[in-house]
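The values are calculated or read from the model by the stated rules, or taken from the named source; none is laboratory data. These numbers come from a predicted model, not from an experiment. Counting neighbours? That spans all protein chains shown, and the Cβs are built from the backbone with ideal geometry, glycine included. Note: accessible area is taken over every heavy atom of the protein model, side chains too, but ligands, DNA and RNA are not part of it. Shrake-Rupley method; radii C 1.70, N 1.55, O 1.52, S 1.80 Å.
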Amino acid sequence: MTEAKVSIIVPFYNTEKYIGICLKSLTKQIYSDIEIICINDGSTDRSKAIVEELQKEDDRIHLLNLGDRSGPGISRNHGLKKATGKYLMFCDSDDYYNPEMVLTMLNLILTHEEIDMAICNCTLQNTNKTKRKDQIYLQNNRNGIFELTQSLKRSINIVLWNKIYKTDILNKFNIKFIDIKSHEDENFIFKYLSVSRKINSTNKALYNYVYRDGSLSDKKVKTVANAIEYLKCIEDFSVFLEENFLWNENSQYFAEAIIHCDYLFQQKNLKYKETLIAGIYSLSQKINTQKINNKKIRKYIFQIQRGYISNKQFNPFIRINKTEKNIPIIFACDYNYIKYLSITLQSIIENASQNNIYHIIILDCGIDQNSISIIEKQISRYANFKLLIISIKAFLQENKRSFKERHHFTASIYGRLIIPEICNNFDKAIYVDTDMIFNRDIAELSLIDLKDNYIAAVIDSKIEIERRIDPWWANYFKKKLSLEIKNSYINSGLLVFNLEKWRKLSIHNQCIELLANSKEFILPDQDVINIICKNRIHYLDQSWNCMQHTINILNDKATIRALNESVFLENLITEYNIAYDDPKTVLHYTSNKKPWNTPIMENAEKWWLYCKKTEFYEQILLQNISEQIQTHLINLNNNSNQFERQKMETSNYTKMIKNYCLLGISILKIKITVESKKYYLFGIRIAKIVKNLHRKKYYIFGLRVFTLKFWKI
């Protein structure tokens, strides 16, 4: 072993019962080339006198007196300045070393040049006959040399005293203690491990840890400020990673520190709760989740990045100042529609003004991490576009009694009801569905004077036609929704919120309560918005939400008759037709037919032009092809293979699929064609089902018993 001086730093404060034992254990080390730097942190008992007496016996002991108490971190920093050894160790003044500790630790760190830290185990001595809750964490059971992977870094305990460090690493990266009341040791270890390569570890107990009432470590566990101090610790660590370009190799290590901070928040009833939540959220944004290998950690951080912290909802939007140039645009989306949101977003980007800042807020109802990364990349190309992903998991869970999912309605449709709470710094906000494309600047909507109206939206032209030609719809509007004919029904695909009114009158809470008390709404969120906001709606021109499903019914006889009988409808559809032909209109692909599943539908090519410019293009294209193949196979599901289909074609599309016989006599025979299915009992046809585009006809003994009509909406 090469001779090398080891500096041992010992801060102390009022430990007269222990400081003598501590220092004698150091002076009796087998390895003698050491210096013992004692820092008196304002002791008022005999601690200082005991150190001075021992100084007379051993000149390797050095004493620094700080005067007023400054805390262990600052005390140790004074020791770091004084240290002259090539290697560094620490000892708490109420603990002590075994005689061979320094020698063993030095041998461990000198085993290989890439070993930057050595670690030993400890013996716990409880002076009050109680056990520390974290005593397992204080111990070290590893043996051998280990590469410092990110997961291993986090599993190493953060105590200072069972380790040996290289002074040149401390100097190179300017690693020292920060001025906080607790977790200053953890901050030191975080920094040191983030730049280290390997450790050498032994499970030999070389350090003696004395646990007593009133110690600083005991107070750390009990104080409610513990979490706030820990937040300061990892905030400083994040700055260290930035300054030294260490994020890539420490993303997961830092992520686990964030998760621990979130855990501390769950355990404490903190006075500064909002400060802690805001800090956790802000720090999480620095993490590149793609650099995290552990799926559980990645998922946890992903939730925090979206504002879901310790089962509470954090609103990062509150820090954005209200100005005319800041335009909040909100989407509510889950994993099913995130691809299509990208296309809507692309259309908004291409028609945006450089004079505005567009804040894209995605209310996350369950979006996969990879899709979020693609959206982030898409937004990052444009300096005047900012992105916020906000999890609304807590909001949906809290109101699950109100938010019912059925058919094609998922929980994400209710996301728009939380907008007034999220955008609490703004007077207006724009909500947009994910099946729309914009051919004009969406910021024009922010200039609308809403006056006393609660909302601005476009009249749903198709529904307004249906309520006038179908008695059932007319009854639904009058009896279920309490909407008179004068209350034009709006589509909720594009909404401009008068946020001041919504907050002042708690309109979102009224909507949620109404949803909870009714099970009969056909279009749940849209229906309640129409009910609550009736007589307080600013009606936008059809060009702001030109709905594709209306064009499909304009040539129906019933529609034509309704248009001739209603001046309102005539004017509405005239406005609609003008908007439909306007190249600057906002297209809304309502109904089940969408451009991504029906590329031949009218106006689909306009959607695909934007789609081609996004990273989801190939995914959507492949998905469309797969669905077309699947549909084709379903249409042939009554035929098991190509040979049988060919056989079926050569036999006038008829194939006997089952023939039940008894003693060679046919009892029951079933024949199928493309359009019918026939059942024979003892050779006599007893039943037939005939199917065409919109009907199924059922016959028994040649008599049609009933007809089933169906339409695809």
Suppose accessible area is computed on protein heavy atoms with a 1.4 Å probe; arrange Asp581, Asp525 from highest to lowest.
Asp581, Asp525
Length added when fully stretched, Ala4-Glu520, from 0.36 nm per residue minus Cα-Cα
177.6 nm
Please label the shape of the range 23-84 as rounded, prolate or oblate, based on the square roots a ≥ b ≥ c of the eigenvalues of the alpha-carbon gyration tensor (a/c under 1.5 means rounded; beyond that, a/b larger than b/c means prolate, else oblate).
oblate
Taking the Cα centre of the range 533-609 as the origin, how large is its charge dipole in debye, to the nearest 20, when only Lys and Arg (+1) and Asp and Glu (-1) carry charge on their Cβ atoms?
340
For the range 21-55 and the range 137-154, compute the distance between their C-alpha centroids and round to whole Å.
30
Distance from the Cα centre of the range 486-557 to that of the range 425-470, in angstrom?
9
With Ile234 itself left out, Lys, Arg at +1 and Asp, Glu at -1 over residues whose Cβ is under 13 Å from its Cβ give -4
Net length gained if the chain between Ile686 and Asn141 were fully extended (0.36 nm per residue, minus Cα distance):
188.1 nm
With unit charges on the beta carbons (Lys and Arg positive, Asp and Glu negative) and the dipole taken about the Cα centre of the range 52-108, which residue among Phe90, Gln55, Met101 sits farthest to the positive side?
Phe90
Taking a ≥ b ≥ c as the square roots of the eigenvalues of the Cα gyration tensor, with a/c under 1.5 meaning rounded and otherwise prolate when a/b exceeds b/c and oblate if not, the range 493-613 is prolate
In this structure, the FRET efficiency calculated for Lys296 and Ser506 from their beta-carbon separation, with R0 = 35 Å, to the nearest 0.05, is 0.35
Given Cβ charges of +1 for Lys and Arg and -1 for Asp and Glu, the option among Val458, His508, Leu483 whose Cα lies farthest towards the positive end of the dipole of the range 458-508 is His508
Which length gain, in nm to one decimal place, applies between Leu708 and Thr84 when the Cα-Cα distance is subtracted from 0.36 nm times their residue separation?
215.3 nm
Calculated FRET efficiency, Lys658 and Ser373, Cβ-Cβ r, R0 41 Å, to nearest 0.05?
0.20
Cα gyration tensor shape of the range 1-142, rounded if a/c is under 1.5, else prolate or oblate by comparing a/b with b/c
oblate
